[in-house]
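Chemist: Below: one structure in C-alpha cells.
The values are calculated or read from the model by the stated rules, or taken from the named source; none is laboratory data. Here the structure is a predicted model, which means the values were calculated and not measured. Here the Cβ positions follow ideal geometry from the backbone for every residue, glycine too, while neighbour counts run over all protein chains shown.
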Protein chains: 2
Amino acid sequence: MGKSLAVSPLAPARFPDLPVIDGVTFATIAAGVRYQGRTDVMLAKLAPGSAVAGAFTRSATRAAPVLDCQAKIGGASDEGAAIVVNSGNANAFTGRGGTDAVEAITAAAAEACGVPQSRVFTSSTGVIGEPLPHERITAVLGDLHAKLDPAGIEAAARAIMTTDTFPKGASATVEIDGKTVSIAGIAKGSGMIAPDMATMLVYIFTDAVIATDALQHRLSTHTETTFNCITVDSDTSTSDALIMAATGASGVEVADNEAFDAALRDVMMDLAHQVVKDGEGAQKFVEVAVTGASNDDEAKVHAMAIANSPLIKTAIAGEDPNWGRVVMAIGKSGAPADRDRLSIRFGDIEVARDGWRSPDYSEEDAAAHMKGQNVVIGVDLGLGEGRCTVWTCDLTHGYIDINADYRS
Amino acid sequence: MGKSLAVSPLAPARFPDLPVIDGVTFATIAAGVRYQGRTDVMLAKLAPGSAVAGAFTRSATRAAPVLDCQAKIGGASDEGAAIVVNSGNANAFTGRGGTDAVEAITAAAAEACGVPQSRVFTSSTGVIGEPLPHERITAVLGDLHAKLDPAGIEAAARAIMTTDTFPKGASATVEIDGKTVSIAGIAKGSGMIAPDMATMLVYIFTDAVIATDALQHRLSTHTETTFNCITVDSDTSTSDALIMAATGASGVEVADNEAFDAALRDVMMDLAHQVVKDGEGAQKFVEVAVTGASNDDEAKVHAMAIANSPLIKTAIAGEDPNWGRVVMAIGKSGAPADRDRLSIRFGDIEVARDGWRSPDYSEEDAAAHMKGQNVVIGVDLGLGEGRCTVWTCDLTHGYIDINADYRS
C-alpha cells in the first residue's frame, strides 16, 4: 500500500484490553519486507506442552506457508513452538523459491527460539506472486526473540495488517472450578475475504489445558459458523490461516467445558465480525439471516448468494431497500426456493410475504432501516427448518479505490 | 432511471444497418409504464407459418412473463404470432397479479394482431417487485398494431432498453443456392448479467425456412457458447429471455446448412459482446480464455471465477496487470488446478509459467496491454484439452453510481 487509508467507520472505538495468556510471548519489528516505516514481522513463542490446532484455506493455489503449516498441524505438543508472520508479501505462487523461503524462515526461527523446526508455523500476507525476500526476516529473528513480551499481543495485531484500517483483537475469560481461563485472539483481513475452511490470518491463544485433537475439533466446528460465514467480496485468499494454541498454563482442563466452548466461539465470532467491519470500503455491517430452508447447507447457499451479490451490496451502499434484488439472488443461488412462499424483511420491517410485497409494507420505514450502520436482511423460504446467518459489508467506491491500485 | 447515463466508451460508433426480415413487422410507443418521454413498449408481429424458439433464465424466481413464454415455446407454428415487450417494470415477484397482467397483455395482443393467444410471447424488464400497470400496455396495443413497419427494428431495440446506454443490434446474410437468407437480432442488457441458459432480452429474426425443433436445437446450442459465456456482475436476472423467429419468407430451407449455422452463431456472439460492452460502468472489454483444463466444463468454472472476481475486475479498471489475483481466482474456483503447471498471459505477454513468474516477464509490457480498451487474460492449466472463453467488463465507480440508486 503506497497510501494510507481512512479508518473504517465501523471500527471499534479502540483496541480491546486483551488478557495476558501465560505461556505466550510476542515481539514485532520493522523488517522492511515491503512496507516502510511500520512493523511487518511478528514472532509468538509458545511454552513447552502447548497444543496447536489450525484451519486453512481450501484454495487450490495455496501459498507455500499454508502447505507447510498443514503438514505440521497435529504433530507432537510436548515441546515449545513458535509462530512467525510477515505482512507485505504473501509468498504465494512463488514456486520452488517460495518453499525454500519457508524452509529458511522456519529453520532460523527454530534456532532463535530453541524449538524444533517441526513446531514453527509461519504465515505470509500481502502481494501474490512476488518472491519473498526471506533474508530480511531471518536476519531479525534473533532481535525478535530478545524482545519477547507477554503483553505484546496488540503490537502483534498491528504488525500483521495489510489493507486493514484497524487492528483486530477479542478476548474472553471463563471461571471454571474457581480458576480463571483466558482466551485472546487477533486477526487481520479486509479484502479477498470469502473464507473456505478458515480465513485470513487469525491467531488465538488460551491458557486452558486441552489436548490437540480436542482443540482441533472445537476450532474446526466453530470455524464453520464464524469465519466461514463471512464474506467481503467472494474472493478466497491463497493464504487464509487460523492457528490456535493452548498453553495449559492455567492448569484448567476444558475439553468438556461448555462455558469455555461458548467463550471460544464468541471470540471467533467477534474477530470474524471485525474483519467484515474492516471490509475494503465498508460503510455498513450487514447480517443476512436465512431461515426456512430445506436444510442448513441450502440456507447457506442462499445467504451467501445474497451476501455476495454486487447489486445488493451496491443497493445497501445507496441505502436503497431494493428487495427485488434479494429475490434475484435467491433465484440465482442454485438452491431450491419457491417464489410463492418467500418472505423477506429488512430489520423488523416485513417487506414481502408469500411471494409478493407485504400489504402493509412501508418503503419509508425500510429506507429508515437502511440508513443505519447495521443492516439486517431476513429471508424465510417457507420450506423447512434449515437456517444460516452470514455477515458481509456494502460495496462502495472505497472498494474500487483500494483495489484498482493496491500494488502501486 | 431518473437520470441519463453517459454512453459506454465501448459502444459501437452507430447502430448497424439491419436487413428487413420478410414476415416480421415492428412498432413502438411511449406508454408511460414507468419512464417518461421515451418509448417503452414494442410489438413485433410474425407472419403465419413462422417457427419460434426460445431460451430462458434458470432462476428459481423467474418472472411471470418468462413462465408464460416457457409454457408456449414449442407449440404449433402454422399461425401468426406476436411478441410484446415493455421496459421499466419486470413484472417479477408480483404474485398472482403478475400472472393476471401477462394474461391481460397476451389476450389484448392476440385480439389486436388476430393471432392465437397461445402464440403471443411477452417479456418485461425493469424494476422487480412492483405491480405492472398492465392497463397502460393493453390500452396501446391497437395503436401499435396500426403502426407496424418492416423497418422498425432499430426503434424496437431502443424501446426495450433500461440501464443500457446504447441500443444493440446485429445481422448476417447468407447466400444459399443463389438465394439470400437474412438474420437480424436485437438485445438489451447491461446489469444483472450472469446468464444461466439464456440472457437478458434478445430477439432474433430470420426469413429462413426451418422447423421449430431444428431452430430450437440451434438456438440452444449456440446459447451455451455465446450468451451463457458472458457476465457483467455474476447476478442472474429473473427475466432473461431469448426468442428467435424464422418466418420462412425467403423460401430457403436451412436445417442442415453450415453457413447459416455459423452466421447465426456470429449474430448471437455479436449481441452477447454488445451486452458486455454496455456493462454497467464498463470501461474495458475483457476476454478470459482458459485452455488446458481436464474438460470444457471445468475450463468454464475457472473462466467464470476469473471473470466474476471483484478483485480482478477492479485491478483491470486500475490498469494493473495483477496476475496474482488470477492465481487467487483459479484457486478458489473449486475446479481442479495444479499450481505448478499454471501458465498465465495478458494479451501476448507471458506472465507466469509452471507456477511462477516467467523469467522474461516485463511488467512494463503487461501494463501497456492493460491500458488498451480490450484486455485478454489467457490461462493454461496444463492438465488436458478442456477449454472455454468468456467475456466480461471491468468493475468501476460507474457500476456503483448506477446501482446505488437505480430506483431513485
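Chemist: What pairs come up if the first residue lies in the stretch A:44-55 and is polar (S, T, N, Q), the second is outside any loop (DSSP other than H, G, I, E, B) and surrounded by 22 or more Cβ atoms within 10 Å (Cβ to Cβ), and their beta carbons are under 7 Å apart, counting only those six or more places apart or on different chains?
Modeler: A:S50/A:A81; A:S50/A:A245; A:S50/A:A246
Chemist: Could you please give the count of residues in the stretch A:377-408 that are outside any loop (DSSP other than H, G, I, E, B), away from chain B (no Cβ under 14 Å) and either in contact with a Ser or Thr (Cβ under 6 Å, 6 or more places away or on another chain) or at pLDDT below 85 (or both)?
Modeler: Residues flagged as outside any loop (DSSP other than H, G, I, E, B), away from chain B (no Cβ under 14 Å) and either in contact with a Ser or Thr (Cβ under 6 Å, 6 or more places away or on another chain) or at pLDDT below 85 (or both) within the stretch A:377-408 amount to 3.
Chemist: Conditions first: (1) polar (S, T, N, Q); (2) modelled with pLDDT of 95 or more; (3) under 19 Å from the mean Cα position of the chain (by Cα). A:T106 passes all but one, so which condition is the exception?
Modeler: (3)
Chemist: Quick one: in the stretch B:222-265, which of the residues that are more than 22 Å from the chain's Cα centre (by Cα) and at positive phi is modelled with the lowest pLDDT?
Modeler: B:G248
Chemist: Give the residues of the stretch A:57-94 that are touching a strand residue (DSSP E or B) at 6+ places or on another chain (Cβ under 6 Å), part of a helix (DSSP H, G or I) and among the hydrophobic types (A, V, I, L, M, F, W, C), sorted by residue number.
Modeler: Across the stretch A:57-94, the qualifying residues are A:V66, A:C69.
Chemist: Take A:E319 and tell me if it is in contact (Cβ under 8 Å) with a residue 40 or more places away in the chain, within 9 Å of another protein chain (Cβ to nearest Cβ) and over 29 Å from B:V66 (Cβ atoms).
Modeler: It is true that A:E319 is in contact (Cβ under 8 Å) with a residue 40 or more places away in the chain, within 9 Å of another protein chain (Cβ to nearest Cβ) and over 29 Å from B:V66 (Cβ atoms).
Chemist: Taking the stretch A:351-399, which residues are of a type in the set (V, I, T) and under 17 Å from A:P9 (Cα atoms)?
Modeler: Once the filter is applied, which keeps residues that are of a type in the set (V, I, T) and under 17 Å from A:P9 (Cα atoms), the stretch A:351-399 yields A:V375, A:T392, A:T396.
Chemist: Identify, from the list B:L10, B:L18, B:L5, the residue that is at pLDDT 90 or above, outside the structural domain of B:E175 (by TED's automatic domain parsing) and either in contact with a helix residue (DSSP H, G or I) (Cβ under 7 Å, 6 or more places away or on another chain) or in a loop (DSSP other than H, G, I, E, B) (or both).
Modeler: One residue alone meets the criteria, B:L18.
Chemist: I'd like the residue in the stretch A:335-350 that is without any contact (Cβ under 8 Å) to a residue 40 or more places away in the chain and under 18 Å from B:A63 (Cβ atoms) and, out of all such residues, is nearest to the other protein chains (Cβ to nearest Cβ).
Modeler: Going through the qualifying residues, I end up with A:R339.
Chemist: Going residue by residue through the stretch B:287-299, is there one that turns out to be in a helix (DSSP H, G or I), surrounded by 22 or more Cβ atoms within 10 Å (Cβ to Cβ) and away from chain A (no Cβ under 13 Å)?
Modeler: Checking the stretch B:287-299: at least one residue is in a helix (DSSP H, G or I), surrounded by 22 or more Cβ atoms within 10 Å (Cβ to Cβ) and away from chain A (no Cβ under 13 Å).
Chemist: So, one more: Please work out which residue is farthest from the other protein chains (Cβ to nearest Cβ), limiting yourself to the stretch A:226-259 and to residues that are surrounded by 24 or more Cβ atoms within 10 Å (Cβ to Cβ) and assigned to a strand (DSSP E or B).
Modeler: A:A246
Chemist: Related question: Which ones in the stretch B:112-123 are closer than 17 Å to B:T25 by Cβ and in a helix (DSSP H, G or I)?
Modeler: B:A112, B:C113, B:R119
Chemist: Taking only the stretch B:136-166 into account, find how many residues are of a type outside the set (F, W, Y) and more than 19 Å from B:A27 (Cβ to Cβ).
Modeler: Result for the stretch B:136-166: 4.
Chemist: Related question: Yes or no: B:A64 crowded, with 16+ Cβ neighbours inside 10 Å and within 30 Å of B:F285 (Cα to Cα)?
Modeler: no
Okay, residues lined up against (1) part of a loop (DSSP other than H, G, I, E, B); (2) farther than 29 Å from A:M268 by Cα; (3) in contact with a Pro (Cβ under 6 Å, 6 or more places away or on another chain); (4) not polar (S, T, N, Q):
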site: A:T125; (1), (2), (3), (4): no, no, no, no
site: A:P131; (1), (2), (3), (4): yes, yes, no, yes
site: A:A151; (1), (2), (3), (4): yes, no, no, yes
site: A:A157; (1), (2), (3), (4): no, no, yes, yes
site: A:T162; (1), (2), (3), (4): yes, no, no, no
site: A:T165; (1), (2), (3), (4): yes, no, no, no
site: A:A170; (1), (2), (3), (4): no, no, no, yes
site: A:E175; (1), (2), (3), (4): no, no, no, yes
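Chemist: Can you say whether B:G97 is part of a strand (DSSP E or B), at pLDDT below 95 and within 14 Å of another protein chain (Cβ to nearest Cβ), as far as the supplied structure shows?
Modeler: When the stated conditions are applied, B:G97 does not pass them.
Chemist: On to the next question. Looking at the stretch B:180-213, which of its residues are more than 17 Å from the chain's Cα centre (by Cα) and either among the hydroxyl-bearing types (S, T, Y) or at pLDDT 90 or above (or both)?
Modeler: B:T180, B:V181, B:S182, B:T206, B:T212
Here is a yes/no grid of residues against (1) out of contact with any helix residue (DSSP H, G or I) (no Cβ under 9 Å at 6 or more places or on another chain); (2) among the aromatic types (F, W, Y):
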residue	(1), (2)
B:F285	no, yes
B:A289	no, no
B:I316	no, no
B:V326	no, no
B:D338	yes, no
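Chemist: Further question on the same structure: Can B:V326 be described as more than 27 Å from B:D365 (Cβ to Cβ), of a type in the set (A, V, I, L, M, F, W, C) and within 26 Å of the chain's Cα centre (by Cα)?
Modeler: Judged against the criteria, B:V326 is not a match.
Chemist: Search the stretch B:300-316 for residues being hydrophobic (A, V, I, L, M, F, W, C) and farther than 21 Å from B:Q373 by Cα, and hand back the single one that is nearest to the other protein chains (Cβ to nearest Cβ).
Modeler: My answer is B:A305.
Chemist: Provide a single number: the residues in the stretch B:233-252 that are farther than 18 Å from B:F121 by Cα and out of contact with any Pro (no Cβ under 9 Å at 6 or more places or on another chain).
Modeler: So the answer is 5.
Chemist: Look through A:D340, A:D365, A:D360 and report the one residue that is surrounded by fewer than 19 Cβ atoms within 10 Å (Cβ to Cβ), modelled with pLDDT under 90 and not in a loop (DSSP other than H, G, I, E, B).
Modeler: Just a single option satisfies the conditions, and that option is A:D340.
Chemist: If you don't mind, another one. For the structure I just gave you, tell me whether A:S309 is under 20 Å from B:R62 (Cα atoms), among the polar types (S, T, N, Q) and modelled with pLDDT under 90.
Modeler: Answer is no for this residue.
Chemist: Might you let me know whether the stretch A:39-53 holds any residue that is at pLDDT below 90 and within 14 Å of another protein chain (Cβ to nearest Cβ)?
Modeler: No, the stretch A:39-53 has no match at all.
Chemist: Which number in (1) free of Cβ contacts under 8 Å to residues at least 40 places away in the same chain; (2) buried (at least 24 other Cβ atoms within 10 Å of the Cβ) marks the one condition that A:A104 misses?
Modeler: Only one criterion in (1) free of Cβ contacts under 8 Å to residues at least 40 places away in the same chain; (2) buried (at least 24 other Cβ atoms within 10 Å of the Cβ) is unmet by A:A104, namely (2).
Chemist: In this structure, is B:D360 touching an Asp or Glu at 6+ places or on another chain (Cβ under 9 Å) and free of Cβ contacts under 8 Å to residues at least 24 places away in the same chain?
Modeler: yes
Chemist: Which of the residues spanning the stretch B:312-326 are in a helix (DSSP H, G or I) and at pLDDT 90 or above?
Modeler: Once the filter is applied, which keeps residues that are in a helix (DSSP H, G or I) and at pLDDT 90 or above, the stretch B:312-326 yields B:I312, B:K313, B:T314, B:A315, B:I316, B:A317, B:V326.
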